[in-house]
Amino acid sequence: MSFFKKLFGSGESKPQTTEEPIKEEVSFDTLKYDGIRALRNGQLDFAEQCFLQALEREEDLEIHDHLSQLYLMRDRLDDALDEVRLMAEAQPDNHLVWLRMAHVAFMKEDYGMLQEACDKVLSMEENHVEALLMLGRGALATEQWEEAVAWFTKAINAEPRFVDGYLFRGEAYRHLKLLDEARSDADTLLGMIPDSEDGLLLMARVEKEGGDLAAAEKRYGQVIDANPFRVEAYQERSEVRMELGDTVGGVDDIEMAKTLRPEETVGEGNAQEGIEHKVEEAIQNANPLGL
C-alpha cells in the first residue's frame with residue numbers, strides 16, 4: 001500500500017479483465033484499482049495503461065506514486081523521477097517523497113541529487129536512519145570510504161540494531177584496510193543474524209585479506225551453505241583454495257561460478273554489486289512508500 005493511499009484512504013472496485021481493451025466509459029476508480037492490482041501481479045503494460053487513462057479523468061497523487069514504482073521496475077528512471085518530482089511539489093514536507101527521490105537518484109547515479117534529497121529528509125528529522133544510509137551508499141559508490149564510514153556510523157548511532165549499517169560500514173572499513181574494525185562489524189551483524197550470507201561473506205573477505213586462509217575457506221563454505229547460488233563465494237573461495245594448494249577444489253569452484261553466471265567474468269566487483277542489490281531489495285521491501 002502506498003503512503004498516499006494511507007493519507008487519503010481508498011475504496012475497492014471490481015476488476016476489469018486485464019486482457020480487454022479499456023473502454024472510454026470505464027470509471028476512474030475501476031481504472032485506478034485495476035491498475036494497482038495489475039501492478040501487484042506484474043502486468044506492467046496493463047497497469048500503465050490503466051494509470052494513464054485514470055489520470056486523464058482525474059488527477060491523483062496515489063496514481064503518480066504507483067507510476068513511479070512501475071517506472072522503476074522498468075528501469076525508466078527519468079520517467080520515475082518526473083513522477084516523484086510531481087509528488088514532491090504536491091507534498092514538499094513529506095519526507096517519504098524525498099526518500100523516494102533519493103532512491104531514484106541512487107539508481108541514476110546522480111549523487112548530487114541524492115545529497116539534496118537526503119538533506120531535505122534530515123532537515124525534517126535530524127537522524128533519519130534511511131537518509132543516513134542512502135548518503136553512506138552514495139559515498140561507497142563513489143569510493144569515498146571515510147565519508148561512508150562517517151554516515152554509516154551516524155546511522156548506527158541513531159539505531160544500534162541497524163543491520164545494514166554494520167554491513168556497509170564493514171565493507172567501507174575493509175576498503176580502508178581497517179580489518180579489525182571490519183571484523184567487529186561482521187561479528188556484530190552475525191550476532192544479530194547468525195545465518196546472514198552477507199555477514200558471512202564480509203567475514204570471509206576479512207579473513208582472506210587478513211591471511212587466515214583456512215578460516216576464510218570454511219567461511220565461504222558457510223556462505224554457500226546459506227545460498228548455493230552465491231556466485232562470488234565460489235569465485236573468491238577458488239582463489240583461497242589455489243593459495244592453499246587445492247588446485248582441484250579451486251578449479252571446481254571456478255567452473256561452478258561460470259555455470260551460475262556464464263555471461264560475465266566473476267570477480268569482487270560483481271560480488272559487491274551482489275551485496276548492494278540484496279540490501280537494495282530489502283530497503284525497497286521495507287520502504288513505507290511501497291517501492
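Read-outs: derived from the displayed coordinates by stated rules, not from any lab. Treat the numbers as computed from the prediction; the structure is a model and nothing was measured. Ideal geometry is used to build each Cβ from the backbone, glycine not excepted, and the neighbour counts take in all protein chains shown.
Only one residue of Gln53, Leu67, Gly138 has its Cα farthest out toward the positive end of the dipole of the range 12-163, where Lys and Arg carry +1 and Asp and Glu -1 on Cβ, and that residue is Gly138. In plain terms, the chain from Met192 to Ala141 could stretch by 15.8 nm, reckoned as 0.36 nm per residue minus the Cα-Cα distance. Peptides 62-72, 31-41, 171-181, ordered by how many other C-beta atoms sit within 10 Å of their residues on average, highest first, read 62-72, 31-41, 171-181. For the range 108-236, the relative contact order works out to 14 percent when only alpha carbon pairs closer than 8 Å and six or more residues apart are counted. Of the peptides 47-54, 202-209, the ranking by mean beta-carbon count within 10 Å, highest at the top, reads 202-209, 47-54.
Would you mind getting me the FRET efficiency between Phe229 and Glu56? Use the beta-carbon distance for r and R0 = 51 Å, nearest 0.05.
Calculated value: 0.70.
In the structure shown, the pairs Lys108/Lys218; Lys177/Lys218; Lys154/Lys177; Lys108/Lys154; Lys218/Lys258 are assessed against 29 Å; a Cα-Cα span above that value is assigned to Lys108/Lys218.
Summarised as an ellipsoid, the range 56-207 has semi-axes of 33, 15, 14 Å, derived from the eigenvalues of the Cα gyration tensor scaled by 5 and square-rooted, with the largest first.
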